[in-house]
Structure formats: structure tokens, C-alpha cells
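The values are calculated or read from the model by the stated rules, or taken from the named source; none is laboratory data. Everything numeric here is computed off the predicted structure, so don't read it as measured data. Positions of Cβ are generated from backbone atoms using ideal geometry, with glycine treated the same way; all protein chains shown enter the neighbour counts. Calculation scope for accessible area: heavy atoms of the full protein, side chains included, ligands and nucleic acids excluded. Shrake-Rupley method; radii C 1.70, N 1.55, O 1.52, S 1.80 Å.
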Amino acid sequence: MTDTVSFGYEDIAPEEKTSRVGGVFTSVASSYDLMNDAMSGGMHRLWKDRFVRRVQPRESETILDMAGGTGDIAFRLAKSGASVTVADINPAMLDVGIERAAKRGIDGLVWSEANAETLQFPDRFFDAYTIAFGIRNVTDIPKALREAHRVLKRGGRFFCLEFSTTLWPGFAEIYDTYSHRIVPKVGKLLAHDEDSYRYLIESIRRFPDMPTFERMIGEAGFIRTKVEPMLGGLVAIHSGWKI
């Protein structure tokens, strides 16, 4: 760990980031779907469908969906018959997910308050580990990746869906203007929270680029690492295997 970590465009002490990120997600928990729609133009639903298809969940598998509090990924995974544990550091996000599951009549999910950097699960416990739009909010990303590797069985697979930086000329500038100028205003108008939305956009800009993050996954012990960019890298699916 370095002496400071990023919180949006700020550099702050590592011990401060966890609590500040917690405050952001407590604030936006009730409007999380709205937030994702604002940040992606509603396309996050298609990205998540594609992500789960890449995971290829199977009946009787055990899967850990980290930072998955509202259940978006877990609900998709559970359709396969897999045993899914939804873990999130933020209890407000878990509360939203539990309520959403009840409304949809989805039973059988395990809900667990957990820190991605210090998981309480035993070694070699899960067949797959998923994390969608959550890794950039972790204080110590390399530590979280090592924990993901630890809790996976041999032959287990790691999948991460995260915003990145699009390489498409022209589109990058358009999205940059949209995200910085419009998304926080949408947050203020619809969720009465401009600052949290501004942080979430800034956190995307500070996240490592695709080759750097792929290298970090490899350094955590994963092999056959792969990155699948969408919209030129605006969002990407990263994956790796444990042997």
C-alpha cells in the first residue's frame, strides 16, 4: 500500500477511503439502479447479462458475488441453480438487495457483510468469484485480488466487470463531457446527491487502464488472464483462473 490512495480526484490516507466510500454507497443505495442508468445510459443491464454469460454459472456451483449488495449480478447467477453468496461491505446496499430479492420471490441467496480485502471465507471454498463495478472502490485492490485468489478452489475462475477508458477516438471525448458535466447534475436532480455521483465518475478516471489491471490480476496469482473490452474499453470484463 502507498501512503495515499485515490478518492475520486483526491489523494487521501488509506484508512480514510473505506469510510468515505461507505458514506457514498450508504447515500446512493436506494437509488443505485438510477445511478447505474445515469452513468451508462441504461446499458449496464446489457453489460451485466453479457458478464454473467461469460461466467457460465452452473448448477451446484458455489459462487461469491463480491460488492454485489443490490443483487443485480446474483439474481442473474442464481437462475443457473448455482449457490450464490452475495457479499458487500455496506449493509445499506445489502438491505436493498434483500428487499429486491423478496419482491422478486428469489430465495436461496446468502447475504454476507464482508470486506473484499479481508474475507471471512475459508481457503479454496468457491468455484467462481465475481465483482461488478466494485473493485475500483476498494482501498487496497491488490490485497482484494489476492483474497479472491485465496477463496477460490483450484480451477476456480475470477471475473470482474468494471468501467475503464474507451480508446475510440471522438467517443472518449463525448463520454467524458457527459459523465463529468451531466451525470452529477442528474444525481442532484433525481437522487439529491451530486457529490456522490461526482465521486463515482472521478473514481473511473483514476482506475488503472486495462493492461495495468490485467497485470495486477496476474500478479495476484491468476493465470490465463484476459480482458474483453466493450465500447472500445469504456467498460471491460477481466478474467483469470486459479490453478
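What is the spread of the Cα atoms of the chain along each of their three principal axes, largest first, in whole Å?
For the chain, the Cα spread along each principal axis is 45, 40, 35 Å.
Per residue, how many Å² of accessible area does region 1-80 show with a 1.4 Å probe?
45 Å²
P(r) for region 8-49: what percent of alpha-carbon pairs falls in each 10 Å bin, starting at zero?
The distribution over region 8-49 is 25, 36, 32, 7, given as percents.
Output the relative contact order of region 1-151, whole-number percent, from Cα pairs under 8 angstrom with separation of 6+ residues.
23 percent.
Considering only His180, Gly156, Gly221, whose Cα is most displaced toward the positive end of the charge dipole of region 97-243, charges sitting on Cβ of Lys, Arg (+1) and Asp, Glu (-1)?
Checking the options against the dipole of region 97-243, the answer is Gly156.
Between Ser80, Phe7, Gly68, whose Cα lies farthest towards the positive end of the dipole of region 1-120 when Lys and Arg beta carbons carry +1 and Asp and Glu beta carbons carry -1, centred on the Cα centre?
So the residue we want is Ser80.
So, R0 is 41 Å and r is the distance between the beta-carbons of Leu46 and Asp3; what FRET efficiency does that work out to, to 0.05?
E between Leu46 and Asp3, to the nearest 0.05, is 0.55.
About the Cα centre, and with charges only on the beta carbon of Lys, Arg (+1) and Asp, Glu (-1), how big is the dipole of region 134-243? Nearest 20 debye, please.
That gives region 134-243 a dipole magnitude of about 580 debye.
Please report, in debye to the nearest 20, how large the charge dipole of the chain is about its Cα centre when each Lys and Arg carries +1 at its beta carbon and each Asp and Glu carries -1 there.
With Lys and Arg at +1 and Asp and Glu at -1, about 920 debye.
With the contact rule set at Cα under 8 Å and sequence spacing of 6 or more, what percent relative contact order holds for region 109-175?
Answer for region 109-175 is 38 percent.
Counting only heavy atoms of protein chains, what accessible area per residue, in Å², does region 104-145 have with a probe of 1.4 Å?
Here the per-residue accessible area is 41 Å².
For region 1-96, with all protein chains present and a 1.4 Å probe, just round the carbon and sulfur fraction of the accessible area to a whole percent.
Carbon and sulfur: 51 percent of the exposed surface of region 1-96.
Find how much the distance from Glu113 to Arg146 grows on full extension, using 0.36 nm per residue of separation minus their present alpha carbon separation; answer in nm with one decimal.
Between Glu113 and Arg146, full extension yields an extra 10.0 nm.
Quickly estimate the mean residue ellipticity at 222 nm for the chain, helices only: each DSSP H run with n ≥ 4 gives -39500 (n - 2.57), and the total goes over all residues, rounded to 500.
-13000 deg cm²/dmol
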